[in-house]
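Below is one structure, written out as structure tokens; the observations come after it.
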């Protein structure tokens, strides 16, 4: 078998939301991202669903588990959060604002 080739319509997505679905014959991973439609509110905007056979899902989990262990071995443990989507968005916005402040040159006095 030859190496993988990207399809002409290949797309890359960012996801920070996951919804799982199970049937006896497949596993569905619905991925999306948290959005803020108006200040102080948030919701998950689902972008696509990937359906996998149970066997492929198990192989994927096995590979991801190994990849996670390698990543954390190199870069440190990834902390998990129990924040609500609203709290997570507020934290992300605050972090972005802090980064902007650090990058903005201070005015001369």
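Overall size of the range 17-103 from C-alpha positions, given as principal axis extents largest first: 48, 35, 22 Å. Relative to the longest principal axis of the Cα atoms of the chain, helix 85-103 runs at roughly 50 degrees.
Each label was represented as a point 7 Å from its Cα along the Cα-to-Cβ direction; for residue 52 and residue 16 these points are 2.3 nm apart.
Nearest 10 degrees is fine. How inclined is helix 54-75 to the longest principal axis of the chain, computing both from alpha carbons? So the helix axis and the longest Cα principal axis differ by about 40 degrees. Highest mean first, the peptides 9-16, 30-37 sorted by other C-beta atoms within 10 Å per residue fall in the order 30-37, 9-16.
None of the figures in this text is laboratory data; all of them are computed from the coordinates on show. Please read all numbers here as calculations on a predicted model, not as lab measurements. Here the Cβ is made from the backbone with ideal geometry for all residues, glycine too, and neighbour counts use every protein chain on show.
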